[in-house]
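A short worksheet on the structure shown next.
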Amino acid sequence: MADQQAQPDRELGPVLVVIPTYNERDNIGKIVKRLHAALPKVHALVVDDGSPDGTGELADEMAAADDRVHVMHRTEKAGLGAAYVAGFKWALEHGYGVVVEMDADGSHAPEDLPRLLDALRDSHLVLGSRYVPGGSTVNWPWHRQLISRGGNVFSQVALGTSVKDITGGYRAFRSEVLRRLKLDTVASQGYCFQIDLAWRAIELGYRVVEVPITFTERELGESKMSGNIVREALLRVTKWGLRRRYTQLRDLFAPKPKTGANR
C-alpha cells in the first residue's frame, strides 16, 4: 500500500447519492421517495444516459419540485462506470462531503443507508456487503449468485484482499478518497468498476469496512449485466493481481540498503 491514511474525522458533511439511470422511469421516483423517507436531508443526483423511456424527463420534473434532487443528462449510454465518474466529479465540484453509489432499480435499500453512513464516521469507504454476516440476497437466480460469489472469491485470491464483497455497487465514499483515486484514469465498467475503485482505495491505505445489506433483485425493468462485463472483470483483476505479485517479488529480492558507512 502506498501511504497509510490518518484516522478519518467523524464529521461527514453534506451527502449526495449518485443514481445512474437508463430506462428506469418505473423505478426512479420510488427509489428517491424511499431515500428521502429514510434520510430527509440527503441529496440525490440522477445521472441519465439518454433513456428513451423518458427517465430523464421524469427526473427533471422531480428536480423542479424538490431542490434535493439534481439531474445530469448524458447524450448516450456510455456505461455504469462512466456515469458514476461523471456523478462523482459533479459531487466534488459542488462541495459534498460524502458520495454514495446506489442503483435505481430498488436492489439497494435506501433504508440501509443510515447504517452505511454511521460506519463511515470511523472509516473512509463503506461497502454494502451481501457476503458478511447479516448480509443476504433476495430473489436472485442461482447463476447470478454463482457469478457474483465466484467473482468475489477470485478477486480476494488475485488481489490478496480480505474484502468479501468487492463487486457490490452500494457504497459510501468520503470525498477526500474520490479526490485521490484519479477518476480520469478509470475505464472499467460494471463489476470491474466497483473492484477498481475499492482496490485503488485499499492500495492507498484508506480504511475500508463492510456493512451487511440485503440485496433484492429488481422487480421492474431489465438487468444491465452482460457477459462482456464479466469477461472485463476477469481480465482486469488478473492483470492487477499479477502486478501485485510482481511488486511483492521485486521488493522481496531487492538489494537491502547497507547499514552504516565504510570508514
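The values are calculated or read from the model by the stated rules, or taken from the named source; none is laboratory data. For clarity, every value in this text was computed on a predicted model and none was experimentally measured. Cβ: placed from backbone, ideal geometry, glycine included. Neighbour counts: every protein chain shown.
Taken together, Asp26, Asp103, Asp67, Asp49 contain a single residue that is over 24 Å from Val186 (Cα atoms), surrounded by fewer than 23 Cβ atoms within 10 Å (Cβ to Cβ), of a type outside the set (Phe, Trp, Tyr) and in contact with a strand residue (DSSP E or B) (Cβ under 9 Å, 6 or more places away or on another chain), which is Asp67. Arg171 - would you say it is over 13 Å from the mean Cα position of the chain (by Cα) and basic (Lys, Arg)? The answer is no for Arg171.
With crowded, with 17+ Cβ neighbours inside 10 Å and either within 18 Å of Cys192 (Cβ to Cβ) or free of Cβ contacts under 8 Å to residues at least 60 places away in the same chain (or both) as the only criterion, which of Gly168, Gly160 stands out? Spell out how you get there, then give the answer.
Values: Gly160 fails: crowded, with 17+ Cβ neighbours inside 10 Å.
It is Gly168.
In this structure, Leu146 does satisfy being surrounded by fewer than 16 Cβ atoms within 10 Å (Cβ to Cβ), among the aliphatic types (A, V, I, L, M) and not in a strand (DSSP E or B). Screening the range 1-116 for strands (runs of 3 or more DSSP E) wholly inside it with 2 or more residues that are within 16 Å of the chain's Cα centre (by Cα) returns the ranges 15-21, 43-48, 98-101.
Filtered by the rule that a residue be under 17 Å from Ala38 (Cα atoms) and assigned to a strand (DSSP E or B), the range 117-138 gives a lone residue, Gly128. Checked against the criterion of being closer than 13 Å to Thr21 by Cβ and crowded, with 20+ Cβ neighbours inside 10 Å, the range 113-121 has no qualifying residue.
Filtering the range 170-187 to residues that are modelled with pLDDT of 95 or more and assigned to a loop (DSSP other than H, G, I, E, B) leaves only Tyr170.
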